[in-house]
Each structure stands twice: as C-alpha cells, then as structure tokens.
1. Within the range 1-23, work out how many residues are open to solvent by 70 Å² or more (accessible area, probe 1.4 Å) and either under 11 Å from the mean Cα position of the chain (by Cα) or not small (Gly, Ala, Ser) (or both).
2. When you scan the range 5-80 for helices (runs of 4 or more DSSP H) that lie fully inside it, which ones turn up with 1 or more residues that are closer than 25 Å to GLU105 by Cβ, among the hydrophobic types (A, V, I, L, M, F, W, C) and in contact with a Phe, Trp or Tyr (Cβ under 6 Å, 6 or more places away or on another chain)?
3. Go through the range 24-37 and give me each residue that's under 16 Å from LEU73 (Cβ atoms) and open to solvent by 30 Å² or more (accessible area, probe 1.4 Å).
Amino acid sequence: AKPWRLFLVCGNVPNQAQLEINVLEAAEKCGCEYVVKISTLTTVLERKSGGPYEAHLEVEAALAASPLQYTSLRPNVFMQMLPSGVLGIGHLLQSSDTCSHPFAETPIS
C-alpha cells in the first residue's frame, strides 16, 4: 500500500481518547507514515485544568509510544470560540470597547 498521512482532529466528546486511539491503531496497521494531531492549549495540558485536557494527554501519550511519526498542534484559541463560550470575549465587548482575553499572555505553543 502507498504511504499516506493522517490529520487527526476530533470533537470533545466523552470517548474522544478511545476514538482517536482507535484511528491511530488503524492508521499504523494500514501504512500511515505521519500523523498531525490537533490537541489543546499547552497551558491547559500543563495545569490540567481549564478544558478537556485528559483525552488530549492520553492520545499524545499513545502517539509518543507508537512507531508513528507525528506532530501535535496545540492551538491557543480558534476564531470561532471568541464570540461566546468559556473562552469567549463577545459578552465583554457588549459593554466596552476593550477587553482582555484570559489567554492573551499565553506563549504560542
């Protein structure tokens, strides 16, 4: 089989780690040569708080233990998250012209 690459991204669901690990195991068996995994903010992983870190840590550990070559991307925030939700700032901008995001000083990961 011709080598191929995998872009691994999954929604934050209760069985996220198992779903992603299932994909990784299948990818290894089917000749995948490289995996790019979308993880979560490095600060969240290091502090083990502020988001769904457990699944990402488990999958990153599975990748590290596998023979697959990989890269984990740890984005700080997605544009779609800014208007609302836990990381959102939309509510702050309703009553002010300025605001500060909780992760504004977080290093790029």
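The values are calculated or read from the model by the stated rules, or taken from the named source; none is laboratory data. This one's a predicted model, so the numbers in the text were calculated from it and none came from an experiment. Glycine also receives a Cβ, built like all others from the backbone with ideal geometry; neighbour counts cover every protein chain displayed. Heavy atoms of the whole protein, side chains included, go into the accessibility calculation; ligands, DNA and RNA do not. Shrake-Rupley method; radii C 1.70, N 1.55, O 1.52, S 1.80 Å.
1. Going through the range 1-23 one residue at a time, the tally reaches 12.
2. On the way: elements: 16-29, 42-47, 53-65.
Of the helices (runs of 4 or more DSSP H) lying wholly inside the range 5-80, those with at least 1 residues that are closer than 25 Å to GLU105 by Cβ, among the hydrophobic types (A, V, I, L, M, F, W, C) and in contact with a Phe, Trp or Tyr (Cβ under 6 Å, 6 or more places away or on another chain) span 42-47.
3. Residues of the range 24-37 that are under 16 Å from LEU73 (Cβ atoms), as a first pass: 24, 34-37.
Listed by number, the residues that qualify are TYR34, VAL36.
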